[in-house]
1. In straight Cα distance, which lysines are under 26 Å from K104, not counting same-chain residues fewer than 8 positions off?
2. Below 27 Å, Cα to Cα, which lysines can K136 reach? Residues fewer than 8 away in the same chain don't count.
3. What ³J(HN,Hα) values, in whole Hz, does the Karplus curve 6.51 cos²θ - 1.76 cosθ + 1.60 give for the range 82-89 when θ = phi - 60°, with x put for Gly and Pro?
4. What whole-number distance in Å separates the alpha-carbon centres of the range 35-83 and the range 106-138?
5. Pairs of alpha-carbon atoms within less than 8 angstrom and 6+ residues apart define the contacts here; what relative contact order does the chain have, in percent?
6. Listed highest first by mean packing, meaning other Cβ atoms within 10 Å per residue, what order do 52-65, 10-23 come in?
7. Between T86 and I47, what FRET efficiency comes out of the Förster formula 1/(1 + (r/R0)^6) with R0 = 25 Å and r the beta carbon distance, rounded to 0.05?
8. Compute the Rg/Rh shape ratio of the range 3-135: radius of gyration over Kirkwood radius, all on alpha-carbon atoms.
Amino acid sequence: MQLDLVFRALHLIAAMLWLGGLTSLSLAAAMAPEASRSELAGVLRKIALRLATPAMLVAFVFGLALLIPHFRAHYAHAGWMHAKLTLVLVASGLSGAVTGRLRKLAAGQAAPGPLRVFGLLLGVLTALIVALAILKPF
């Protein structure tokens, strides 16, 4: 089996756990009943820190392992890859915003409002990243 295929599979699995997990956690916290919201936010934050954050790091490591050896030959002039990397950086920032909001929500210091928006944005970003990677439109 080719090492590139193993790296690609690990990159995709980790990306699904990272982005799908954070999208789900954000929306679950945003829709939680007020009476149990802070307790649930604490649990969801632990899941984010133990699953989604390590998955993000694994996705980065294997994504870079695929990107770096072929950058000049395949990706340096591929506009779709630059757009994809930009969206990934935005998703990374949203990941930090989600875990920070969950921390504040667990402590009873914040309203859940932005979590719904963060979850929807993560879902849209995920769809755009996948579309760019598959279609390679430019």
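Every number here is computed from the coordinates shown, using simple stated rules; none is lab data. The structure displayed is predicted, hence computed values, not measured ones. Neighbour counts are summed over all protein chains in view; Cβ atoms, including those assigned to glycine, are modelled from backbone coordinates with ideal geometry.
1. K46
2. Within the straight-line cut-off, K136 pairs with K84.
3. For the range 82-89, the Karplus-derived couplings read 5, 5, 4, 5, 5, 5, 5, 5 Hz, x marking Gly and Pro.
4. 12
5. In percent, rounded to a whole number, it is 39.
6. Put in order of decreasing packing, that is 10-23, 52-65.
7. So, using R0 = 25 Å, E works out to roughly 0.35.
8. With Rh from the inverse mean 1/r over Cα pairs, Rg/Rh is 1.05.
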